[in-house]
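The values are calculated or read from the model by the stated rules, or taken from the named source; none is laboratory data. Because the structure is predicted, anything quoted here is derived from the model rather than measured. We place every Cβ from the backbone using ideal geometry, glycine too, and count neighbours over all the protein chains shown.
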């Protein structure tokens, strides 16, 4: 028989009487306690009891808050994984504007770089070469205040007997008086040795004019040089031959081809382009586009400079385009219930044909990748809400596409999967 609880509300008069009786009972109970022997007890001060009374509900609220807001479930599953290999072909085409996965074509781009090398080579030809020394002398007119004209080729003889001539007509200005003293007129002129040879490269000297010999002018017209004469020589000099030019071209052609290819590869490998672009060493072509020398045959120089210019070129293509093609190809070969683990993708490629003139390269591809069963984590999250640790492991362990399961709750007092699916964290382990 069920017990019943009946609420009884006393009349208003009885209620007041009951209050008075309760006060008397309180007084009586206190007097009884005072008459009894006092026992030792610990009493909390008023502030401590207040903190205890207020803190307990707060502690309960924090616990509930932590349970409903901090609770999480971490689920790690190992789906069924298999490694598959594939073989296919791919064409890199300069004329393609975009990737055509059905036609197995991705766009390529012509990349080229020029390299010039130069070197000085010795001339092997020999020829006798002579030159006359020349320099500047100052001619003085200590004869009169009138100017004196000298015709071209006028002779000047140095103190050691070396003959020089003025190549042009000159006029020596007359002198003038200053404070009663006569100041000779003077002019700087160019003179050239009468004969070729290094013996005319004389140092500073005085010069006389043989044409005035036997007259008063001979001692009054004279010249001085303050710097050495230069340029006089008579010797065998080198001369460029046809064989010299041919040999220089042959040497530099071999050198520039190697340096051009090395520089070309270095540019592709060291710049940012290398992480985004693929190139094939087998597809690099180097050609000589120019060779020349400023020195012509029979030019009289000891050394001559020769230059050769080469151009290296190839077809480059984007790494992203290759990977996208491979991904699309694999997806087209597997079941829709399977997924590609992109991080496991490995691509080996080698050229079948290379034709830089037509701008096409055909690649042979060998591909390997991990394929795993597709797992709908959102579906599992909804079906696992409120499940215990054991129930969760059983439910996931029974799935044929899952080979291993690991479940963890947080914080430690959580015993079930949260109802909020945002707090359920799924991780697929494909390693």
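Only one of 237, 251 is outside any helix (DSSP H, G or I), at negative phi and within 55 Å of the chain's Cα centre (by Cα); which? Don't jump to the end; show me each part of the working.
Working: 251 fails: outside any helix (DSSP H, G or I).
None of the other options fit; the residue is 237.
From the list 347, 362, 367, which one is modelled with pLDDT of 95 or more, crowded, with 19+ Cβ neighbours inside 10 Å and not assigned by TED's automatic domain parsing to the domain that holds residue 415?
Result: 367 is the single residue among 347, 362, 367 that is modelled with pLDDT of 95 or more, crowded, with 19+ Cβ neighbours inside 10 Å and not assigned by TED's automatic domain parsing to the domain that holds residue 415.
Within the range 76-91, how many residues are out of contact with any helix residue (DSSP H, G or I) (no Cβ under 9 Å at 6 or more places or on another chain) and part of a strand (DSSP E or B)? First the steps, then the outcome.
Of the residues in the range 76-91, the ones out of contact with any helix residue (DSSP H, G or I) (no Cβ under 9 Å at 6 or more places or on another chain) are 76, 78-83, 85, 87, 89, 91.
Still in the running and part of a strand (DSSP E or B): 76, 78-79, 81-83, 85, 87, 89, 91.
The total comes to 10.
Can you find a residue in the range 257-278 that is in a strand (DSSP E or B) and without any contact (Cβ under 8 Å) to a residue 40 or more places away in the chain?
Checking the range 257-278: not a single residue is in a strand (DSSP E or B) and without any contact (Cβ under 8 Å) to a residue 40 or more places away in the chain.
Report whether or not residue 372 is within 30 Å of residue 281 (Cα to Cα), part of a strand (DSSP E or B), in contact (Cβ under 8 Å) with a residue 40 or more places away in the chain and under 45 Å from the mean Cα position of the chain (by Cα).
no
Just one of 323, 300 is in a loop (DSSP other than H, G, I, E, B) and out of contact with any helix residue (DSSP H, G or I) (no Cβ under 7 Å at 6 or more places or on another chain); which is it?
300
Identify the single condition in (1) surrounded by fewer than 17 Cβ atoms within 10 Å (Cβ to Cβ); (2) part of a strand (DSSP E or B); (3) within 28 Å of the chain's Cα centre (by Cα) that residue 282 does not satisfy, given that it satisfies every other one.
Condition not satisfied by residue 282: (2).
With respect to residue 174, determine if the residue is touching a strand residue (DSSP E or B) at 6+ places or on another chain (Cβ under 6 Å), more than 30 Å from residue 231 (Cα to Cα) and not in a strand (DSSP E or B).
Criteria met by residue 174.
Filter the range 326-360 down to residues that are without any contact (Cβ under 8 Å) to a residue 60 or more places away in the chain, closer than 16 Å to residue 278 by Cα and touching a helix residue (DSSP H, G or I) at 6+ places or on another chain (Cβ under 8 Å), then give me how many there are.
1
Determine, yes or no, whether residue 314 is without any contact (Cβ under 8 Å) to a residue 12 or more places away in the chain and either assigned to a strand (DSSP E or B) or within 28 Å of the chain's Cα centre (by Cα) (or both).
Judged against the criteria, residue 314 is not a match.
Restricting to the range 192-229, what's the tally of residues that are assigned to a helix (DSSP H, G or I) and within 13 Å of residue 158 (Cα to Cα)?
Step one: list which residues in the range 192-229 are assigned to a helix (DSSP H, G or I), which gives 198-200, 210-212, 217-220.
This time we only want the ones that are within 13 Å of residue 158 (Cα to Cα), so: 199-200, 210.
Of the residues in the range 192-229, 3 are assigned to a helix (DSSP H, G or I) and within 13 Å of residue 158 (Cα to Cα).
Take the range 291-303 and flag every residue that is touching a residue at least 40 places away in the same chain (Cβ under 8 Å) and over 23 Å from residue 236 (Cβ atoms). Talk me through it step by step, then tell me what you get.
Within the range 291-303, the subset touching a residue at least 40 places away in the same chain (Cβ under 8 Å) is 291, 293, 295-303.
291, the sole residue that qualifies.
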